[in-house]
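Structure first, commentary second.
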Amino acid sequence: MYILLSGNPPFYDETEEENTDLHNRIIFCRIVAGDFEFDSPYWDDISPAAKELVCRLMEVDQMLRITAQDALWHEWIAGNGASEKNLKDGVCAQFEKNFAKAKWRV
């Protein structure tokens with residue numbers, strides 16, 4: 001959901017590390033710690049309800065994480081928590097930039 005809303009991955013390595021093992025270890029540590037942010041400007045037009053749902057879905061502690069069923073009942077999915085702004089162009093541009101095959105590390 002994070003990627004679909006912003007076009008960016010929630011966990012990334014800002015160090016420009018060329019060593020693939022170290023790069024992967026840095027990202028893994030961020031995932032395990034739940035270390036993500038709602039970076040501007042990509043998240044500026046995303047509703048507070050959507051951000052709250054993303055936080056609850058990405059909760060590290062599985063006992064505190066929202067269930068799939070509860071996520072379907074969340075205000076942003078079931079109610080009026082969505083933004084009125086069209087995000088398609090910005091998200092698509094970021095998606096293409098971040099997920100072009102040439103940038104994939106194998």
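Just give me the residues in the range 10-24 being farther than 24 Å from Leu72 by Cβ and either within 11 Å of the chain's Cα centre (by Cα) or surrounded by 13 or more Cβ atoms within 10 Å (Cβ to Cβ) (or both), in sequence order. Even if it seems obvious, please write down each step before you answer.
Quick first cut of the range 10-24, residues farther than 24 Å from Leu72 by Cβ only: 11-24.
Within the range 10-24, Phe11, Tyr12, Asp13, Glu17, His23, Asn24 qualify.
So which residues in the range 27-79 are surrounded by 12 or more Cβ atoms within 10 Å (Cβ to Cβ), assigned to a loop (DSSP other than H, G, I, E, B) and of a type in the set (A, V, I, L, M)?
Matches in the range 27-79: Ile46, Met58, Ile66.
Of the residues Ser47, Ser40, Ser6, which single one is touching a residue at least 40 places away in the same chain (Cβ under 8 Å), polar (S, T, N, Q) and within 24 Å of Asn86 (Cα to Cα)? Steps first, please.
On the way: Ser47 fails: touching a residue at least 40 places away in the same chain (Cβ under 8 Å); Ser40 fails: touching a residue at least 40 places away in the same chain (Cβ under 8 Å).
After ruling out the rest, the residue left standing is Ser6.
Can you tell me which residues in the range 88-106 are assigned to a loop (DSSP other than H, G, I, E, B) and either modelled with pLDDT of 90 or more or in contact with a helix residue (DSSP H, G or I) (Cβ under 7 Å, 6 or more places away or on another chain) (or both)? Working first, answer last.
Taking the range 88-106 as the starting set, the residues that turn out to be assigned to a loop (DSSP other than H, G, I, E, B) are 99-100, 104-106.
Within the range 88-106, Arg105 is the sole residue that qualifies.
The values are calculated or read from the model by the stated rules, or taken from the named source; none is laboratory data. Just so we're clear, the structure is a prediction, and the values are computed from it rather than from any experiment. Neighbour counts run over all protein chains shown; Cβ positions are idealised from the backbone, glycine included.
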